[in-house]
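This report refers to the structure that appears directly beneath it.
Bear in mind that the values in this text are calculations on the coordinates, not laboratory data. Bear in mind that the values here come from a model prediction, so they are computed numbers and not experimental data. FYI the Cβ positions are ideal-geometry reconstructions off the backbone, even for glycines, and counts take in every protein chain you see.
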Amino acid sequence: MSKPNPTEGRRPDPILCLVVDRGATRGDLAHCVAAAVGAGVDWVQIRERELEGAALLAHAQEIDAAARQAAAQRGGRVKIFVNRRIDIALALGADGVQLGFDAVDPPTARRLLPADAKIGISTHHPDEIRSAAPEVDYAQLAPIARPLSKPRAGPFLGVRAVAEAARYGIPVIAQGGITAANAASIAAAGAAGIAVTGAILSAPDPAGATRALRAALAAAARNRPGTSPSAPV
């Protein structure tokens, strides 16, 4: 008689995405990224608006190399996404792009990118997810709570917005003010994953902060049936 599988009947652990911001780290950025990926970050999103051209590509290459090497050392995988810049994503061989309001539209991105590249969009209300283009693979919804890495003037969406957005069939990556203390409740509301910056990069111990977030997401997965759409992996 076969033994029961303890993971059967539940969805995989939610995605943990690290959004890279040079201004949020306490130390060497590449080192922090490597520590976080080694401790369990699934996705790394390269977000950088102050660099252009060769400098931006060199920055992206440094982060990409640090993340992929750390993932290989732990015997796992990491996906690299580039915020807004499809040209940098193509030059880097990234796994996907995160499109904001000032980027090309998803249909254009789909035509330019490889067939297996993932396309994400930045959203600030569940209605934007409901009306998303069919080319969209996932949506980041923010801010859920008060962001840790940058000031925010305006209302926060809260956990109820995550639950509403998750009903529309597109995997939702929740972002903004997410910590180990609230990550489980956000994932339990239907988020396919979370995206953080300050919770990891501003922590005294980025690896320890990553493990705490990872544990919170694992707890949410254990307690939730596999009914919500999973993020693309």
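Here are the numbers for this structure:
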item: DSSP loop GluC sites (Glu not before Pro) with at most 13 other Cβ within 10 Å: longest gap in the chain; result: 53-233
item: Prolate/oblate/rounded call for the chain, Cα gyration tensor, a/c under 1.5 rounded; result: rounded
item: Neighbourhood net charge (12 Å Cβ-Cβ; Lys/Arg +1, Asp/Glu -1) for L57; result: -4
item: Residue-span extension gain [T108 to R222] - 0.36 nm each, minus C-alpha spacing; result: 37.2 nm
item: The chain - percent relative contact order, Cα under 8 Å, separation 6 or more; result: 24
item: Cα-derived Rg over Rh, computed across segment 1-122 with Rh taken as Kirkwood radius; result: 1.05
item: Antiparallel content of DSSP bridges confined to the chain, in %, to 5; result: 5
item: Mean Cβ neighbour count within 10 Å, used as a protection proxy, ranking 64-75, 25-36 highest first; result: 25-36, 64-75
item: For segment 130-145, 3J(HN,Hα) per residue [Karplus equation, 6.51 cos²θ - 1.76 cosθ + 1.60, θ = phi - 60°, Hz, x = Gly/Pro]; result: 4, 9, 5, 5, x, 6, 6, 8, 7, 9, 8, 10, 8, x, 6, 9
item: Loop-located chymotrypsin sites (Phe, Trp or Tyr not before Pro) in segment 94-167 whose Cβ has at most 12 other Cβ within 10 Å (DSSP); result: F101
item: DSSP H segments from the chain that extend 27 Å or more along their own axis, Cα-based, with Kyte-Doolittle mean of -0.5 or above; result: 53-73
